Amino acid sequence: MNDRPGADHRSRPGHPRRLCRSPLLLAAVAVAAALTATAACGGPPGADRSGPDGGAAPHDATADRSDRTSASSLEGVWRMDGYGTLVTIKGRSLRTYETTAVSCLPGAVTGTRAGDPDAAGRSRFAVPDSTPITVAPAGAGRARLSVEDNVGRRSLHRIDALPARCTQRPSRDPRAAFDVLWQTYAENYPFFRAKKIDWAAVRDRYRPRITAKTTDDELLAVFRKMIEPLHDAHTRVVADPDRWFAGKRPGTVLPTPDSTARIDKALAANLGPGAVQRHWARGKLSYADLPGRIGYFRVTQFAGYTAKGDYAGDTAELDRALNSVFTRARTQGPTALRGLIIDVRLNGGGADPLGLRIASRLTDRPYLAYRKRARNDPRDPGRFTTPQPARIRPYHGPVYTGPTAFLTGRLTISAGETFTQSLMGRFPAPTRIGENTQGVFSDILDRRLPNGWTFGLPNEEFLTADGRTFDGPGIPPAIPTPVFTDEELSARRDSALTRAREFLAHPAPGGRR
C-alpha cells in the first residue's frame with residue numbers, strides 16, 4: 001500500500017517510502033536505526049494535507065490554473081491532494097514543502113530528473129538515498145506522483161506560486177514548534193474521534209505552558225504528554241538520537257535481543273528436530289517443510305533484504321525466495337502442500353508492495369486487497385481523498401491456492417498488517433491464529449519542526465471491501481492463542497504454531513487442497 005523510531009526503511013524525514021510504518025520493532029532493538037527510520041517513514045514525498053496557503057486543500061481557488069503552461073508540462077508548483085505538501089519542479093529539479101495553516105517549511109525530499117520525459121510526458125526523478133519518484137501529466141492543471149515502493153499514487157493540482165511564507169526563515173521560538181506540531185495533527189490525523197481525543201482541548205491545556213524560554217527538554221515532555229494518549233505506534237517526536245519517543249498500543253512489550261532469541265528457540269523447538277529452515281533476505285525470510293506436507297513461511301520484515309537496502313534489491317531478493325518456496329512440486333500434483341503456515345507475529349513493517357507481491361503467489365484469481373485513502377480537508381476530519389484500490393493479480397507461474405493459517409500478534413505492525421489485510425479477500429481466506437495485530441496501517445507522514453526536530457503521524461486509512469478499517473484495535477484472530485508470553489517462552493511452547501499445525505492437519509470440510 002508501503003512506511004520508528006522504528007523498523008522500516010525510511011532514511012529521511014518526508015521520505016516517500018512506507019517502511020517507516022512501525023516505530024516499534026526496531027525502537028527496542030536499535031535506537032539509532034530508529035532515528036534513521038524516523039526520517040524515512042512517511043507517505044509519498046512530503047506527504048501533507050493542506051492548501052498552498054495552509055488553508056483547506058480540497059477547494060483551493062488556484063488549484064486548477066494552467067493558463068501559462070501546456071497540459072503536458074510539469075514545470076511549476078503543485079499542491080498535493082491531501083498530505084499538506086507542495087511540490088515544485090524547475091528544470092531537472094524536484095523538491096517538496098510541508099504546509100499547514102500556520103507554516104510552510106522546506107521538505108526533505110529533493111530529486112533530480114533522470115533523463116528526459118517519456119512519450120507520455122512522465123518524468124522520473126532520482127532521490128538521494130531513496131526510491132525514485134515518477135510524476136506524470138494527468139490533464140489540464142493536474143498531474144500524478146508515484147513512488148515505486150509505495151502503494152497508490154498522489155494527485156497534484158497546479159497553483160500559481162509558492163506562498164510567501166515558504167521562503168521565510170522559520171522561527172526558533174518553542175511556541176512556533178508547538179503550533180506547527182499541533183496544527184499538523186489537527187489537519188491530518190484521522191483518528192481523534194475514534195480515540196475520543198479532543199485535540200482542541202489538548203491545545204488549550206498545553207499551549208499556555210510554552211513560552212520563549214521553554215527548554216528543549218520541557219518542550220519534548222509536553223509533546224510526549226500530548227501524543228502518548230493516542231496510543232498510536234505511528235506517532236513519534238525526535239529531538240536528537242538520544243531524545244525521542246514513539247507511541248504504542250497499551251500492553252505492547254517491545255522485543256529485545258534476549259526476547260528475540262527466546263522466541264527463535266521456542267519456534268525451533270515447535271517446528272521439530274527434523275525441520276530444516278532455509279533463510280533469505282539476511283534472515284528476514286525463512287521457510288521449512290513440516291510433516292504432513294505442511295509448509296511454514298516466516299516474514300519478519302518487509303525491508304532491508306540486502307546490504308544496500310534499496311527497494312529494487314529488496315524486490316529481487318524477495319522474488320528469489322518466493323521462487324524457491326513456491327515451486328511446482330509444492331503447488332501442484334501429488335507432492336503439493338496440503339497446508340501453509342504464514343508467520344508475521346514478529347514483523348515490524350516495511351514496504352507494502354512487497355506484501356502484495358507475496359499475496360500474488362497465493363491465488364489463481366484476482367481480487368481486491370484493500371482501498372487506501374488519505375485525509376484531505378484540514379477543517380473536516382471526515383473528508384478523504386478518493387479511495388485507491390490495491391488489487392492482487394496472480395503470479396504468472398506456480399501459485400499456492402490451498403488452506404492457509406496466518407499467525408499474527410501485537411508485534412505484527414504496519415506493512416505486516418497491510419499484508420495481513422491483503423489476504424482477507426483471498427479464497428479460501430486464511431485462518432488467522434494468535435492475537436490482534438498492532439493496529440497501525442497508514443504510511444507515516446514525516447514532518448519537520450521550525451526548531452529542526454522531526455515528528456511523524458499517520459494520515460491514511462486502509463479500507464476493506466465493505467469500508468471497514470482496523471486502525472486502533474488491529475485485525476483480530478479467528479482463533480485466539482497466546483503469542484510470545486513469558487510463560488510460553490519459558491516452557492519453549494508456541495501455542496499459535498501448534499494450533500495452526502493441528503488446524504491444517506484436520507481442515508474443516510470444503511477447504512481447497
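Summary of computed values
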quantity: Carbon and sulfur %, accessible surface of the stretch 225-329 computed with the full protein complex present, 1.4 Å; calculated: 55 percent
quantity: Top positive-direction residue, dipole computed over the stretch 181-330 with Cβ charges, set PHE192, HIS234, LEU219; calculated: PHE192
quantity: Global geometry of the stretch 401-508, whether rounded, prolate or oblate, following the gyration tensor of its Cα atoms and the 1.5 cut on a/c; calculated: oblate
quantity: Of LYS225/LYS265; LYS196/LYS265; LYS284/LYS372; LYS196/LYS372, pairs whose Cα-Cα distance is over 29 Å; calculated: LYS225/LYS265; LYS196/LYS265
quantity: Å² of accessible area per residue within the stretch 285-355, as computed with a 1.4 Å probe and no ligands counted; calculated: 30 Å²
quantity: Furthest towards positive pole of dipole, VAL440, THR408, PHE455, structure part the stretch 390-469, Cβ charges; calculated: THR408
quantity: Label-point separation, ARG144 to GLU228 (7 Å along Cα→Cβ), nm; calculated: 4.4 nm
quantity: Cβ-Cβ FRET estimate between ALA201 and GLN332, R0 fixed at 51 Å, reported to 0.05; calculated: 0.25
quantity: Computed magnitude of the charge dipole of the stretch 163-261 (debye, nearest 20; Cβ of K, R +1, Cβ of D, E -1); calculated: 360 debye
quantity: Karplus-derived HN-Hα couplings along the stretch 87-102 (A = 6.51, B = -1.76, C = 1.60, θ = phi - 60°), whole Hz, x at Gly and Pro; calculated: 10, 10, 10, 9, x, 9, 10, 10, 8, 10, 10, 9, 10, 9, 5, 10
quantity: Sites matching trypsin sites (Lys or Arg not before Pro) across the stretch 242-338 that sit in DSSP coil, with at most 14 neighbouring C-beta atoms within 10 Å; calculated: LYS308
quantity: Estimated distance in nm for a label pair at ASP216 and ALA126, the labels positioned 7 Å out from Cα along Cα-to-Cβ; calculated: 3.4 nm
quantity: Cα→Cβ-extended label distance, 7 Å offset, between THR485 and PHE192, nm; calculated: 3.8 nm
quantity: Placed amide H near THR404: partners under 5 Å, 5+ positions off or other chain; calculated: LEU340, THR431
quantity: Percent antiparallel among DSSP beta bridges (both partners in the stretch 377-475, rounded to 5); calculated: 55 percent
quantity: Amide proton proximity set for ILE475, modelled H, under 5 Å, gap of 5+; calculated: THR437, GLY439
quantity: Two-site FRET efficiency, ARG468 against THR134, from Cβ-Cβ distance with R₀ of 30 Å, rounded to 0.05; calculated: 0.45
quantity: Carbon plus sulfur fraction of accessible area for the stretch 135-186, probe 1.4 Å, in percent; calculated: 43 percent
quantity: Length released on extending from ASN323 to LEU162, taking residue separation times 0.36 nm less the Cα-Cα span; calculated: 53.1 nm
quantity: 5 angstrom amide H check on ASN376, placed H, neighbours 5+ away; calculated: ARG383, PHE384, THR385
quantity: Rounded percent of accessible protein surface that carbon and sulfur make up, the stretch 421-503, 1.4 Å probe; calculated: 51 percent
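The values are calculated or read from the model by the stated rules, or taken from the named source; none is laboratory data. Model, not experiment: these values are computed from the prediction. Don't worry about glycine lacking a Cβ; one is built from the backbone with ideal geometry, like all the others, and counts go over all protein chains shown. Ligands, DNA and RNA are stripped out before the accessible areas are found, and what is left, the full protein with its side chains, is counted by its heavy atoms. Shrake-Rupley method; radii C 1.70, N 1.55, O 1.52, S 1.80 Å.
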